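Beneath this line is the structure, given in structure tokens, with notes to follow.
The values are calculated or read from the model by the stated rules, or taken from the named source; none is laboratory data. Computed from a predicted model, the values in this text were never measured in an experiment. Every residue, glycine among them, receives a Cβ derived from its backbone with ideal geometry; neighbour counts consider all protein chains shown.
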Amino acid sequence: MLSNTDIQEILQALDLDQMNAGSSDGTDWIGHGKRLSVTSPVNDTVIAEVILAGKQDYEQVVNAAEQAFYSWRSTPSPKRGEIIRQLGQELRLSKNKLARLITLEMGKSIQESLGEVQEMIDICDFACGLSRQLYGVQTHSERPYHRMFEQWHPLGIVGVITAFNFPTAVWAWNLTIALICGNVVVWKPASKTPLTAIVCQNIFGRVLKKNELNPAISTLVTGSGSEIGELLNNDPRINLVSYTGSTETGKHIAKTVASRLGKTILELGGNNGVIVTPKANLDLAAENIFFGAIGTAGQRCTTTRRIIIEQGLSQAMLDKLLTYYQNLRIGNPFDDNNLMGPVVSGQTVEIMMQALSSIEEQGGHILYGGKQLSGDDYPGSCYVTPAIVKAPVHLPLIQKETFVPILYVLEYQDSLQEAINIHNNVPQGLSSAIFTNDLLEAETFLSALGSDCGIANVNLGTSGAEIGLAFGGEKETGGGRESGSDAWKSYMRRQSNTVNWSGSTMLAQGIQFEQ
Ligand code: NAD
């Protein structure tokens, strides 16, 4: 099990104390706000305390960030990339220690926490290469001896607001790309995971110190959404708010930041579906759906929440899934044998139980799971059996992202178009997948007639994206894109330039304007 000594070892290995200031302007650790007790869902114990930011701490952090921008913006981008390369090296050295803290603080399995840190390392490698590839286009002018081109400049301060479920990777996705683009970052982590944020700030701080850079290019301000989050939303010095979290809060942030004509990147809730057709390899589909539904105890934005399966295959799929679910090892997430740890809090357990009782009232049928677990194998009160629910396609609750491990099995009668219609008939549009070996079905799903999501996969599940492509979703998922491909453009401002080297005045469109 997890003893107090184990917990102390995890904290001490990362220089955390029992009481920690939660904010940093890069140089000093500060905090004049309330105290927050951080409780581990692994065993329900308070593992440390964090002093949250007050308004004066927020001001100190943003002022320092603003100053740091003035020097960082003129550091050549490949040099900025080199700093991010070094961050990747530091993360490699801290991988195991940091992964253990992620598991302790929010409960995902140790394998998944190691994967999360690996994702941070991957994005560092990507951003380092990208720092030499911030290309702008050049085109031909209609006027002789004129040159036209576009260039990209940094925005300024990027406020990064993150969710509890990827407490470090989402920061790294934003930080690395924002920084190589020449911005500085103010990070507000989720209140459930301030300790991992403090450690990340320290890890990067070591790199900045070694390179004698202004440490305020990366700062941290820890506090509630209603206090510190609102300061960020309303602050005209924050040029871009990159927000990852629920759709409800995202809508509010979108409105608030838009009212001051600031920019946002919104990475909001998902309601991810998998279509399984008669041309699918059912074993492959079941295996992928299992990971998609269970990973991070159903608390990934890309978690598989709905299967849309041809009626005749439904029972065969359920039999396979039930075998997986019945044999699923749930328990202490530090034990490599367990594939699923606790959900993040007692409140999440309640949300799950309430959702399951609404599902039954609305005509759904719980086929498996949905029980809170207790006993010697479960060191805390946040362990549950994931649920499989057979539901009519119009069950109202299916329209919502319930951020717990509930998988809905929905049936379609015959055509792929019917399956796609059911699939797209939810407000969210993050990740999607089809299982089929039929080329026409696969291409239809990927076409404009198919999935309406930001991510659409063939023969692999909805969760577990790599960093190389842009990540994000449509509709109520917010439309933002982060990570790979050309997502960097959201962190920069575009400038269109024309240079006249003719020595004479020539107006566009042939306009004559002579005295
Ligand atoms: P949440 O919305 O409760 O909190 C997210 C962050 O927003 C936290 O840091 C919180 O303090 C902050 N916040 C709350 N109110 C705010 C306000 N008024 N102004 C500014 N910030 C505010 O979400 P959560 O429970 O931490 O995470 C789960 C949600 O995040 C799910 O909906 C999940 O789908 C979503 N998510 C989306 C992605 C994605 O990339 N699309 C990735 C991870 C998580």
- Message: With the structure loaded, tell me whether ALA465 is assigned to a strand (DSSP E or B) and closer than 17 Å to ARG300 by Cα or whether it fails that test.
- Response: no
- Item | Qualifying positions in the range 471-515 - more than 30 Å from SER431 (Cβ to Cβ) and among the hydroxyl-bearing types (Ser, Thr, Tyr) | SER496, THR498, SER502, SER504, THR505
- Note on the structure: Given (1) surrounded by fewer than 17 Cβ atoms within 10 Å (Cβ to Cβ); (2) outside any loop (DSSP other than H, G, I, E, B), ASP414 misses just (2)
- Query: Residues GLY205, GLY262, GLY270: which one is more than 9 Å from the ligand (Cβ to nearest atom) and closer than 27 Å to LYS475 by Cα?
  - Reply: GLY262
- Query: Any idea which residue in the range 481-515 is farthest from the ligand (Cβ to nearest atom), counting only those that are within 30 Å of ALA297 (Cβ to Cβ) and not charged (D, E, K, R)?
  - Reply: SER485
- Message: What's the number of the only condition in (1) more than 30 Å from ASP6 (Cα to Cα); (2) modelled with pLDDT of 95 or more that ASP414 fails to meet?
- Response: (2)
- Task: Mind listing whichever residues of the range 308-346 are part of a helix (DSSP H, G or I), closer than 19 Å to THR402 by Cβ and touching a strand residue (DSSP E or B) at 6+ places or on another chain (Cβ under 8 Å)?
- Result: LEU321, TYR325
- Message: Taking the criterion of being touching a residue at least 24 places away in the same chain (Cβ under 8 Å) and of a type in the set (Val, Ile, Thr), would at least one residue in the range 130-151 satisfy it?
- Response: no
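Residue-wise test of (1) crowded, with 23+ Cβ neighbours inside 10 Å; (2) out of contact with any helix residue (DSSP H, G or I) (no Cβ under 9 Å at 6 or more places or on another chain); (3) not aliphatic (A, V, I, L, M).
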residue: SER242; (1), (2), (3): yes, no, yes
residue: SER246; (1), (2), (3): no, yes, yes
residue: THR249; (1), (2), (3): no, no, yes
residue: THR256; (1), (2), (3): no, no, yes
residue: SER259; (1), (2), (3): no, no, yes
residue: GLY269; (1), (2), (3): yes, no, yes
residue: VAL274; (1), (2), (3): yes, no, no
residue: THR277; (1), (2), (3): no, no, yes
residue: ALA280; (1), (2), (3): yes, no, no
- Query: Of these, SER485, SER490, which one is among the polar types (S, T, N, Q), assigned by TED's automatic domain parsing to the domain that holds THR244, touching a residue at least 40 places away in the same chain (Cβ under 8 Å) and over 17 Å from ASN271 (Cα atoms)?
  - Reply: SER490
- Message: With the structure loaded, tell me whether ARG80 is free of Cβ contacts under 8 Å to residues at least 60 places away in the same chain and either touching a helix residue (DSSP H, G or I) at 6+ places or on another chain (Cβ under 6 Å) or closer than 22 Å to TRP29 by Cβ (or both) or whether it fails that test.
- Response: no
- Please identify the pairs in which a residue from the range 241-259 that is more than 6 Å from the ligand (Cβ to nearest atom) has its Cβ atom under 9 Å from the Cβ atom of a residue that is among the charged types (D, E, K, R) and assigned to a helix (DSSP H, G or I), counting only partners at least 6 apart or on another chain. THR256/GLU230
- Per the filter on the range 295-316, residues of a type outside the set (Asp, Glu) and away from the ligand (no atom under 16 Å from the Cβ) are ILE307, ILE308, ILE309, GLN311, GLY312, LEU313, SER314, GLN315, ALA316
- Query: Quick one: which of GLY478, GLY429, GLY454 is within 15 Å of the chain's Cα centre (by Cα), at positive phi and within 13 Å of the ligand (Cβ to nearest atom)?
  - Reply: GLY478
